[in-house]
Each structure stands twice: as C-alpha cells, then as structure tokens.
Number of protein chains: 2
Amino acid sequence: MNRALFEHLFAVKGIKMTEQRWIIIQAVGDSRDHPDADQVTMRTKAIDPDIGIATVYRTLTLLADLDIIQQHDFGDGRARYEIQNDHHHHLIDVDTGQIVEFKDAQLEEIKSRIAKELGYDLTHHRLELYGRKKQNL
Amino acid sequence: MNRALFEHLFAVKGIKMTEQRWIIIQAVGDSRDHPDADQVTMRTKAIDPDIGIATVYRTLTLLADLDIIQQHDFGDGRARYEIQNDHHHHLIDVDTGQIVEFKDAQLEEIKSRIAKELGYDLTHHRLELYGRKKQNL
DNA sequence: CTAGCTGCAAAACATTTGCATTTCG
DNA sequence: CGAAATGCAAATGTTTTGCAGCTAG
C-alpha cells in the first residue's frame, strides 16, 4: 500500500487525497474477505472513530469508479467490496457463506465469444457460482 | 397457464391457491420483460386493485422458492422476476437497459467443470454480461 | 372450523443526500 | 483562498413484518 501511488492517481483526476480516503483504501486493501460497507466502516473507525458511514459510502463508490476496488453483490442484499486484484470469480458456499475465488481462461474466451455473437462490446460482467461442498459418500 | 397445474403443485406442499396468487402467477407469466415487484403490482392491480404490494412480495418469494419463477438482480437496486423457462442468461445493454437473453451449451459445461474442480455441487449460479451495441465504424 | 392468507400501515435495511463546517492543495 | 470533502441527520427506495380481519379447503 503505497500512498504516493494513489495520491498521484487522484491528482491526475483532480481528486483530493484525504486522511479518511487513505484509511478507507487501506481498510479494504488489508481485508482478505469481501467486507460490506458496514464492516469497512467498523475497520476504519478502529483507526479514526470520526469517519462517518456516509464518507465510507462516498469513498467506496469513488474507488469503484476509479477501478481501484471492485463492488460485488452476492445476493444477500448489500454490496461487498474488495481491492482490485487480478481478474477472478467467486464461488459462494451456500451453507457457510465462505467465498472461494477462482480463475478460468476458457470462461473468459467464451464470454467474449458470446458478446461478439450478440453484437455487443462488453463493459463488465458478473459471474458467481453457488454450491455446497461435495460429500464423499 | 393452466391453473389446475399450479393448484396441484401447491396442494402437494399444503399451500393454498388464492385468487391473488393466481393473478400474480399470470401477471409474471404473461410478462415478456423482466418486471420488478412494483411493475408486477401495477399489472395485478389492473385486474384486482385490492391486491397489496405486501402480498405481491410474499407471493413472488413463495413462487421463487417453488422454482416457479426466477428472481434476478441486474444491479439497479431492485429484484426482477420472470417465469421459469428453459435455462438462459442475460446480456444487459448499459445504454438502454434492454435485456437480451441467450443460451450457451459450452458455458454450462465449463460451469460444471469448474465446480467439480473446486469440489462443490452447484445449487445455482448467476451470470450476466453488460455491454453496449457494437458500432459499425 | 381453522390454519393459512391478505391488506394496511409501520418498520427495517442499505444507501443517498442537503447543508453547514472543515480541509487539501 | 476556494473548490472539494466531511459528518451528521434526515430522506430515500426497496423489501419485510405485525396484526386484525378474511378465505380456502
């Protein structure tokens, strides 16, 4: 987590790097799970209790627009966030809520092929698998 | 839309077939788009103005549990519904909101392969593509 | 007859917004 | 200094719920 890096990224767009934003970036970046806005707020409040949830929401939206973080919806009624890593997808364990990340090159190809066939340029997409651990009978 | 069919399906589970439920089933079944709860309510109110939105929500949830309809989330903050048809996916036009349905056998294979590799049995999944119409330059 | 449904209005929830005050550059 | 960002609380929009009365089976 190199603050100067983000400062530069912001400066280019005329966006200010504030103490709050930096704390939020770190909170998401340090998370190995996929926290929702409330969890991000708790983690930032641990560092600076004065950061309000409105700022967290505003910042998360901003960071998502800048492709610094990714916003997900795993179907439980609130958005979840993670720092932008290499491209991957998620498999959600319906029993435990545990999230398994995976990559698949063939999947990416097919996605592009389908869009092409339909005459569209993809802007983004969403793919999640939901399942339960296979039983060894 | 055969009412007796659904009546039987309900009876097996000890669930009552009411006039309201039947109207809601038809409203969703007759829709060629992917209406949200509010749109379903308007369509049912056209037939019986006394049906409340609470009943619509309760019924949509019930029907989704019974796999009679499917619930989608296209990222605009409200759920959308469609009658359970043959399995397909959606491409959402980010400019117009138009929804294109598509099927792809290869995609289904890959999905199963991935789940298998990760040691999971799939219960369901979610795949949506978002894009804009290709320009002919 | 009675368990299950309904309609209404109120509650719950995540997210957004208006505005006065503060802060970054 | 001035534009942009913050914090608070109130507003929003969707979905859920409590409860008294209604209905299917």
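The values are calculated or read from the model by the stated rules, or taken from the named source; none is laboratory data. Quantities reported herein were computed from a predicted structural model and do not represent experimental measurements. Note that each Cβ is placed from the backbone with ideal geometry, even for glycine, and that neighbours are counted across all protein chains shown.
Structure notes:
- Flag for B:Leu63 being facing chain A (nearest Cβ under 10 Å), in contact with a helix residue (DSSP H, G or I) (Cβ under 8 Å, 6 or more places away or on another chain) and at pLDDT 90 or above: no
- Out of B:Ile69, B:Ile51, one residue alone is buried (at least 17 other Cβ atoms within 10 Å of the Cβ), within 11 Å of the chain's Cα centre (by Cα) and more than 14 Å from chain A (Cβ to nearest Cβ). It is B:Ile69.
- Subset tally (residues that are more than 10 Å from DNA strand D (Cβ to nearest atom) and either outside the structural domain of A:Phe74 (by TED's automatic domain parsing) or farther than 24 Å from A:Arg78 by Cα (or both)) for segment A:1-53: 11
- Test: residue in segment B:120-134 that is under 15 Å from the mean Cα position of the chain (by Cα), more than 23 Å from A:Asp104 (Cα to Cα), in a strand (DSSP E or B) and within 8 Å of another protein chain (Cβ to nearest Cβ): no
- Scope segment B:73-109; condition at the interface with chain A (Cβ under 9 Å from one of its Cβ atoms), assigned to a loop (DSSP other than H, G, I, E, B) and more than 16 Å from DNA strand C (Cβ to nearest atom); matching residues: B:Val94, B:Asp104
- Test: residue in segment A:10-33 that is under 30 Å from B:Thr123 (Cβ atoms) and at pLDDT 95 or above: yes
- Within segment B:36-54, the set of residues being within 8 Å of DNA strand C (Cβ to nearest atom), touching a residue at least 24 places away in the same chain (Cβ under 8 Å) and assigned to a helix (DSSP H, G or I) is empty.
- Pairs meeting the criteria (first residue in segment B:55-72 and within 12 Å of DNA strand C (Cβ to nearest atom), second residue assigned to a strand (DSSP E or B), beta carbons under 6 Å, at least 6 apart or on different chains) are B:Leu60/B:Tyr81; B:Leu63/B:Ile69.
- Test set (1) under 30 Å from A:Glu109 (Cα atoms); (2) within 14 Å of DNA strand C (Cβ to nearest atom); (3) among the polar types (S, T, N, Q) - B:Ser112 fails condition number: (2)
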